[in-house]
Amino acid sequence: MPKRIALLGMPNTGKSTLFNRLTGAQARTGNWPGLTVELLAAKLPLGADLVELVDLPGIYDLHGMTEDEHVVRRFLERVSLDFLVVVLNAAQIDRQINLLLQAKALGIPMLAVLNMSDEAKRFGVTIDTARLSAALGFPVLEVSARRAEGLELLRQALTRGLQVENPVSLAELAQRLAPEEIVQEEADALLRMTVKSPRELSDGMSARLDRVLLHPLWGLPLFFLSLLLLFQFIFTVGAPLQDAVAYLLDRLRDAIVQPVAHVLPPFGEGLLIGGIYDGLATVASFLPIIALFFIVMSAVEDSGYLARAAFLVDGFMARIGLDGRGFVLHLFGMGCNVPAVMGTRVMRSPALRALTMLVLPFALCAARLQVFIFLIAALFAPVQAALVLFSLYVLSLLAAVLTAVVFKRRYHSVEPVILELPPYRLPQFGTMFKAAWGEISGFLQRATSFIVIGVVAIWLLTHLPWGVEPASPASFAGQLSAAVGFIFAPLGFDALLGVALLFGFIAKEIVLGGLAVLYSVPEEGLTEAVRLHMDWVQAYSFMLFTLLYTPCVSTLAAIQAEGKSWRLTMTSVLWSVGLAYAVSFAFYQTARALGF
Amino acid sequence: MKLSCLRCGESASVTCVEGDACLVRRLHALGVHPGRAVNVVRRAAFNGPLHLRVGSTEFFLRSREADAISVQGGAA
């Protein structure tokens, strides 16, 4: 049984950066008995031993009432621990020392890490660590996780600390975790003794940036302008990369996969090449764009600008019954809706969570983005491309606002809204790429099986019954599209597009792979096929529908798991399908009536 | 007086924090408790939230939550 160390700390202390620095890249999420959420854990070599290091969620208060604070308490009550590391933001020791004292009261062997010691110097805060350590009775170490400073000393201190047996049983711990009165005197006395800080604490650079970026008039326009620029950047850099990957995958198919598959009977060969390989290749060629998106997103998050975005929009969000956090989650939802829906756990009010969960599926996720990028590249001039994409982002926000306004009376809440505004920090390349890699592997794990099943199902529908002309009216797909065609005709879709949309419900990634199979063309021929089958009005109508119609199966599963209400889940499906149909119908009919 | 009476840029000393227990605990964890100086940095557009600074910590909260905080003017 390896020894176990837990990392405890407030949000914005750089706890996760420290965790990554200590353990390298091989962290995994683990399930813990009695806990509904997954916590990150990794093996950490210490001296001759291999120790398990667990990263607990960031919390403000060991006796607090948020979901994360419950999680930490349940973890401490149920999982036996050998050592506790409390991470503090050194610049904010004036208030974070309270959590340290709460942790000390537990009696588990521990040490304190004063992280961001470089930032504390910038603020002019100096801490007498030797005196603090003597007063507290455990080691206090200055570390900068971002600059990898002080880590070796930390490892040595941990190795020494683990030699002492943890004397506290789980039952005793449960008792000590019971709510208590806040004791401020002890903290104040310690601070007076060990900490020197200037009277007016402000990091000049952040204050100057805030004067511009949080300006009452220009703040919001600047925010939307930077979003537009970021999308332009992703598009400009991503498109050539995407072409390169598609080219390589075609080469690979012609050189290796095709000859190998040729040993199969024609039906099997077709299924393997035309179904599985082409479908997967289409999806794979979008990985560069998704990676870029997450690199950019994590940079914005790291920089501290995301919390500022929440500040800027909170006044508006309050009016539609949501809050600034909902807006930030919406931005995360632009990667994938599933983690965003799970992120609503930071909200305590069930009504606010329900309303936020109804809104989040309208966030234009990476899966939909991939469909749009393809269609836009195929049917619009390069100068229009970024604008068309931007219009879809604007529409997704409008749909979210409309949803909130329609449902805010039913899901009404009065939850307090308090959010920290950390100082601006330069994003770090390591963190950015790690975040991108984590999201991509997560995306592949979640999506791959869905995509393969979906694409194979579509291939079978277009090639069965036995011996039919692929995707002809006689095939199952042809029959299905004839049956549903009348539904989609007023939206301007050809019947096969309707079938691709039906499958897109499983995962929106399938829409493109499905189109390639339905038009029975390989990846590089899809652009031509699409140009042949639709004009820009039809394409835009199709994109509107794809943008709005029903959350994918994974998102719905998350909504059901988090909200535990079939009524909420069904509302989400019916409302979004209805909205998608109405919007596509209105756009297509209006555009045609105007003569486009 | 209430914190929300302060103008942007003004500082005051906290005299009392009362209201929902959860709100009081959270504010305390952010450093808002009697005796501490609070600085109202700015207010967001559309009657939006207040941007506060307490020590080296900055955060925002809505006017309704800010009403839980009573301050004594003039102190720094």
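Every number here is computed from the coordinates shown, using simple stated rules; none is lab data. No experiment lies behind these values; they were computed from the predicted model shown. With ideal geometry, Cβ positions are generated from the backbone for all residues, glycine too; neighbour counts draw on all protein chains shown.
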I want to make sure I understand the PRE zone here: with the label point 7 angstrom from the Cα of residue A:80 toward its beta carbon, which residues in the range A:1-23 have backbone N atoms less than 18 Å away? A:1-6
Considering every residue in A:413-420, what mean count of other chain Cβ atoms within 10 Å of its Cβ is obtained? 6
Which of the lysines could be linked to residue A:121 by a straight reach, that is with a Cα gap under 17 Å, when you skip same-chain ones fewer than 8 residues away? A:196
Stretchable slack from residue A:464 to residue A:425, in nm (0.36 nm times residue separation minus alpha-carbon distance): 8.3 nm
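If you average over every viewing direction, what projected area does the convex hull of the Cα atoms of the range A:218-291 give, in nm²?
5.7 nm²
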Considering the options B:32, B:47, B:68, tell which one lies farthest towards the positive end of the dipole of the range B:3-73, charges being +1 on Lys and Arg and -1 on Asp and Glu at the Cβ, about the Cα centre. B:47
Under the 7 Å Cα-to-Cβ spin-label approximation, residue A:398 and residue A:487 lie apart by a distance in nanometres of 2.5 nm
Taking neighbour counts of Cβ atoms within 10 Å as a proxy for exposure, in what order, fewest first, do A:276, A:559 appear? A:276, A:559
I'd like to compare A:493-504, A:369-380, A:227-238: which one has the highest average count of other Cβ atoms within 10 Å, and what's the full order after that? A:493-504, A:369-380, A:227-238
Take the alpha-carbon centre of the range A:544-593, take the same for the range A:218-259, and report the distance between them in whole Å. 27 Å
Could you work out the mean projected area of the convex hull around the alpha carbons of the range A:490-557, in square nanometres to one decimal? 4.4 nm²
Across A:100-111, the residue-averaged tally of Cβ atoms belonging to other chains within 10 Å stands at 0
Per the Kirkwood treatment, what hydrodynamic radius in Å, one decimal, follows for the range A:4-196 from the mean inverse distance over all distinct Cα pairs? 16.8 Å
Could you tell me what percent of the DSSP beta bridges with both partners in the range A:4-196 are antiparallel, to the nearest 5? 40 percent
In a solvent-free Debye calculation with one equal scatterer on each Cα, what is log10 I(q)/I(0) for the range A:552-596 at q = 0.17, 0.31 Å⁻¹, listed in the order of the q values? -0.57, -1.00
If the viscosity is 1.002 mPa s and the temperature 20 °C, what Stokes-Einstein diffusion coefficient in µm²/s follows for chain A when Rh is the Kirkwood radius over Cα pairs? 81 µm²/s
From fewest to most C-beta neighbours within 10 Å, the residues A:341, A:583 line up as A:583, A:341
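Return a whole-number percent for the relative contact order of the range A:4-196, with Cα pairs under 8 Å and 6 or more residues apart as the contact set.
Working: 334 pairs, mean separation 44.4, N = 193.
This gives 23 percent for the range A:4-196.
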For the peptides A:49-56, A:154-161, what is the packing order when you average, over each peptide's residues, the other Cβ atoms within 10 Å and list the highest mean first? A:49-56, A:154-161
Compactness summary of the range A:505-596: radius of gyration and Dmax from Cα atoms, Å, are 16.1, 48
When Cβ neighbours within 10 Å are restricted to other protein chains, what is their mean count per residue of peptide A:91-98? 5
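Can you give the convex hull volume of the alpha carbon atoms of chain B per residue, in Å³?
Cα-based convex hull of chain B, divided per residue, equals 76 Å³.
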So how do A:472, A:206 line up by other beta-carbon neighbours within 10 Å, fewest first? A:472, A:206
Counting DSSP beta bridges with both ends in chain A, the antiparallel % (nearest 5): 40 percent
